[in-house]
Amino acid sequence: MNVELKEYAPAYQQDMKQDIADFFAFHGGLVGRQEEAQAQAEREALETLENWRQGRSALYAILCEGSYAGFLRLDYRGDQVAWIEDLYVRPQLRGQGLASQAIGLAEKVVAARPGYRAMCMDVAPRNEDALRLYCRLGYNTVSLLTLRKEFGENPRDRKTEILGREFLV
């Protein structure tokens, strides 16, 4: 299966806009708020796409056999570490190795930049499929934890222990 990363071009706008909405709805669904997240993401998808194309980000279409399959966004923080900020493969194409290949291609892009030594990513602990994939690809160093405080009801109902402390996930 031939997988490529192609820099963003206007021809990908409509597909990416829809996928951005689906991406954020999926993450909202991890905590039981998919409908709310879907509606908001659809309203904000074009603005999100435009924001992703600015600054230190590099936005790519993931192509499989020449056809659009998803997106990958890199962010260059400092001069040594890049982050995979967002990665999305369309549901009907999952389980075929596209995300693995796209990450491998992104690693090559980053490693070719002078001075870059590592690539990081954030993953929601409830996104277990993504967590398994990233671990399988060698992402096994925890260098930063993001802690969150809800200002209302917390929809998270699962717990995990990290370094002797209990957290909701």
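Can you give me the Cα centroid spacing of the range 48-87 and the range 97-169 in angstrom?
Taking the Cα centre of each part, the range 48-87 and the range 97-169 sit 16 Å apart.
Kirkwood Rh over Cα pairs of the range 100-160 into Stokes-Einstein at 20 °C, 1.002 mPa s: D in µm²/s?
Estimated via Stokes-Einstein, D reaches 152 µm²/s.
If exposed GluC sites (Glu not before Pro) are those in a DSSP loop with at most 12 other Cβ within 10 Å, what is the longest stretch of the chain that has none?
Free of exposed loop sites, the longest segment is 66-149.
Per-residue accessible area for Met1 at 1.4 Å probe radius, Å² rounded to 10?
Met1 exposes around 110 Å² with every protein chain in place.
222 nm [θ] for the chain, helices only, -39500 (n - 2.57) per DSSP H run of 4+, per residue, to 500?
Using -39500 (n - 2.57) per qualifying helix, the result is -11500 deg cm²/dmol.
Would you mind calculating the relative contact order of the chain from Cα pairs under 8 angstrom and at least 6 residues apart, reporting the percent as a whole number?
That works out to 18 percent.
Just to make sure I understand: if all protein chains stay in place, what is the order of Val142, Val123, Val169 by accessible area at 1.4 Å, largest first?
Order by accessible area, largest first: Val142, Val123, Val169.
Which lysines have a Cα less than 28 Å from the Cα of Lys149, not counting those fewer than 8 places away in the same chain?
Lys159
Compute for the range 1-117: radius of gyration divided by Kirkwood radius, i.e. Rg/Rh, restricted to C-alpha atoms, rounded to two decimals.
With Rg and the Kirkwood Rh in hand, the quotient comes to 0.97.
Per residue, what accessible area does the range 62-125 have, given a 1.4 Å probe and all protein chains present, in Å²?
Each residue of the range 62-125 exposes 47 Å² on average to a 1.4 Å probe.
Counting only protein heavy atoms and using a 1.4 Å probe, what share of the accessible area of the chain belongs to carbon plus sulfur, as a whole percent?
Using a 1.4 Å probe with all protein chains present, the chain comes out at 47 percent carbon and sulfur.
Given the protein chains as shown and a 1.4 Å probe, how many square angstrom of Phe24 are accessible, to the nearest 10?
Near enough 80 Å² of accessible area.
Let me have the relative contact order for the range 48-97, percent, based on Cα pairs under 8 Å that are six or more residues apart.
Once divided by the residue count of the range 48-97, the mean separation gives 26 percent.
What share of Cα pairs, in percent, lie more than 17 angstrom apart in the range 45-169?
Roughly 65 percent, once rounded to a whole number.
The values are calculated or read from the model by the stated rules, or taken from the named source; none is laboratory data. Quantities reported herein were computed from a predicted structural model and do not represent experimental measurements. Cβ: placed from backbone, ideal geometry, glycine included. Neighbour counts: every protein chain shown. What goes into the accessible areas is simple: the full protein's heavy atoms, side chains included, and nothing from ligands, DNA or RNA. Shrake-Rupley method; radii C 1.70, N 1.55, O 1.52, S 1.80 Å.
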